[in-house]
Amino acid sequence: MANLITILNGPNLNLLGQREPEKYGTTTLAEVESQCAALAGELGLATEAFQSNHEGALLDRIHAARETSAGIIINPAAYSHTSVALFDALSSFEGPVLEVHISNIHRREAFRHHSYVSARAEGVIAGFGTEGYLLALRRMASLLSA
Ligand code: DQA
């Protein structure tokens, strides 16, 4: 629990690497998850990764993380812009929450500029490609060691 980080990815991110590669790159979600696991090992952390296209499944995983995890890194994908329920679930989690967007949502359509999750997150990374997950993990390590 002290060193476990839950990494959550929302809808359509199972298609990472195939879906709109000009926006999201060619790295697959499996590759991102294994890069995170490797970096976590170097940082003295461990990761468990979960992706779902279903809002309720993400909520259940956040509730489970309350008992198992020290921090959450989440790319809520399209649910960022719609889900009060994700905001509420993350608010029930006591540890740090970091939000990641692969693309720079502020340079895209206006409907992507607001994220409900950002109001709960300790920090937000957007537009750094899939490297953003690794940057978030490094930040998580410093937050947890502070
Ligand atoms: C995204 C940005 C969202 O607006 C979009 O719905 C996604 C991915 C990103 O990582 O850039 O699915 O969260």
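The values are calculated or read from the model by the stated rules, or taken from the named source; none is laboratory data. None of the values given here were measured: they were computed from a predicted structure. All Cβ positions, even for glycine, are placed from backbone atoms using ideal geometry, and neighbour counts span all protein chains on display. Ligands, DNA and RNA are stripped out before the accessible areas are found, and what is left, the full protein with its side chains, is counted by its heavy atoms. Shrake-Rupley method; radii C 1.70, N 1.55, O 1.52, S 1.80 Å.
Within region 5-27, work out how many residues are open to solvent by less than 50 Å² (accessible area, probe 1.4 Å) and farther than 17 Å from Ala141 by Cβ.
10
Does Phe111 fit the bill of being in a helix (DSSP H, G or I), over 25 Å from Gly17 (Cβ atoms), within 16 Å of the ligand (Cβ to nearest atom) and out of contact with any Asp or Glu (no Cβ under 9 Å at 6 or more places or on another chain)?
no
Filter region 104-138 down to the residues that are among the hydroxyl-bearing types (Ser, Thr, Tyr) and within 11 Å of the chain's Cα centre (by Cα), then identify the one that is surrounded by the fewest Cβ atoms within 10 Å (Cβ to Cβ).
Residues of region 104-138 among the hydroxyl-bearing types (Ser, Thr, Tyr): 115-116, 118, 130, 133.
Cutting the leftovers down to within 11 Å of the chain's Cα centre (by Cα) gives us 130, 133.
Details: Thr130: 21, Tyr133: 26.
Restricting to residues being among the hydroxyl-bearing types (Ser, Thr, Tyr) and within 11 Å of the chain's Cα centre (by Cα), the top hit is Thr130.
What are the pairs with Cβ atoms under 7 angstrom where one residue, in region 48-76, is at pLDDT 95 or above and surrounded by fewer than 20 Cβ atoms within 10 Å (Cβ to Cβ) and the other, located anywhere, is charged (D, E, K, R) and not in a loop (DSSP other than H, G, I, E, B)? Sequence gap at least six, or different chains.
Close Cβ pairs (under 7 Å, with a partner that is charged (D, E, K, R) and not in a loop (DSSP other than H, G, I, E, B)) amount to Ala49/Glu33; Phe50/Arg61.
When the residues of region 77-92 are filtered to those that are within 13 Å of His54 (Cβ to Cβ) and open to solvent by less than 20 Å² (accessible area, probe 1.4 Å), which remaining residue is nearest to the ligand (Cβ to nearest atom)?
Ranking the candidates gives Ala77 first.
Looking only at region 77-94, filter to residues that are small (Gly, Ala, Ser) and without any contact (Cβ under 8 Å) to a residue 40 or more places away in the chain; which one of those is farthest from Pro21 (Cα to Cα)?
Here the residue is Ser92.
Need the failing condition index for His101 against (1) surrounded by fewer than 17 Cβ atoms within 10 Å (Cβ to Cβ); (2) of a type outside the set (Asp, Glu); (3) closer than 28 Å to Ala2 by Cα, just the number.
That leaves (1) as the condition not met.
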